[in-house]
Amino acid sequence: MQENRSPDFAIFVFMELGLNDKRALVCGASDGIGKATAQMLAAEGVKVTLLARNADKLKAVLETLPGEGHQLLTADMDLPDTLRQTLAEHMALGNHYDILVNNSGGPAAGPVSNAEVPEFLIAFNRHLVCNHILAQALLPAMKAKGYGRIINIISTSVKVPLPNLGVSNTIRGAVASWAKTLANETAAFGITVNNVLPGATLTGRLQSIMENKSAKLHTELSAVEEEMRAEIPMKRFADPDEVAAAITFLASEKASYITGINVPVDGGRTPSL
């Protein structure tokens, strides 16, 4: 029996994201999730500026981007004052952005009870302070245009703290609260602020975490990998492209009514809604 459908019913084979000729600043773009995000945004027609501290790696990524109008910017997220100056000079050249992807390497693993105070300060500067510097620099142009997307790549630990990641759990929670506050303040300007929470993703950081755990427990690396996969309902690690897909959607016009939320991309690992 044929299903009755409204005359307005339509099947869309392709979703136009409205990203063509938008401009994005993608941090941590030399590798992993940042690199995958830059490539996916560029494939959607976005003009991408790659930001990281290693110019040689950025140049290599730049060569992989489809389309034209891409550029790179070198900055170290452990040096907030230098980042602010570099960004000011960059913006003075007429650069402005519709999309900001905040992303940087996570703090070293370890129990919070063993963490030294400088570890918290370094992580706070790298993740929250630098995110804030970037957002403040880009917000005026976003407000003037009535369009802006700020997407922070943080961690599922903002929902459930992860074992042996004490400093990261602490700082990531602060970033999530900052983002929610900023989302509320900027929503009326057509600007959205959201957090993407990657689970175990095939990046250099995951490899480092597994290797450190293997060495600490005197266990084969393959056993550590197997144990981590077993904790994930999908029984596999994410590919960076799968995280990049969520980021790309949140950067689009189609995500205009989504703001102030945490989006886990974790294969179902997080044991909470």
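Bear in mind these aren't lab numbers, they're just calculated from the coordinates by the rules spelled out. Computed from a prediction, not measured in an experiment: that's the story for all the values here.
On a 31 Å Cα-Cα criterion, which of the cross-link pairs K35/K180; K59/K235; K22/K180 come out too long? From the list (K35/K180; K59/K235; K22/K180), the Cα-Cα distance tops 31 Å for K59/K235. Here's how it looks for Q71: its modeled amide H is under 5 Å from those of V48, T49, L50, which are all 5 or more places away or on a different chain. Computed from backbone phi, the HN-Hα couplings of segment 180-197 come to 5, 5, 5, 4, 5, 6, 10, 4, 5, 9, x, 10, 10, 10, 9, 10, 9, 10 Hz, rounded to whole numbers (Karplus: 6.51 cos²θ - 1.76 cosθ + 1.60, θ = phi - 60°; Gly and Pro given as x). On a straight-distance basis, which aspartates and glutamates could pair with K159 in a cross-link, Cα separation under 13 angstrom, same-chain partners fewer than 8 positions away excluded? Partners within reach: D266. Relative to one another, the C-alpha centroids of segment 201-234 and segment 109-128 are positioned 22 Å apart. GNM remark for the chain: springs join alpha carbons under 10 Å apart, and the peak mean-square fluctuation among S155, S177, S252 falls on S177.
Shown in residue order for segment 228-244 are the 3J(HN,Hα) couplings computed by the Karplus curve 6.51 cos²θ - 1.76 cosθ + 1.60 at θ = phi - 60°: 5, 5, 5, 7, 9, x, 7, 6, 7, 7, 7, 8, x, 4, 5, 6, 4 Hz (x for Gly and Pro). Computed over the chain with a Gaussian network model linking Cα atoms closer than 10 Å, the most mobile of P163, P118, P66 is P118. Of the two radii for segment 213-270, the radius of gyration is 1.16 times the Kirkwood radius, both from the alpha carbons; that is the Rg over Rh value. Scanning residues 5 or more positions from N152 or on other chains, those with amide H under 5 Å from its amide H are N102, N194, N195, V196, with H placed 1.01 Å from N in the peptide plane.
Per the Cα gyration tensor, segment 127-208 maps to an equivalent ellipsoid with semi-axes of 27, 13, 11 Å, ordered largest to smallest. Once divided by 2.2 N^0.38 Å, the Cα radius of gyration of the chain becomes 1.04.
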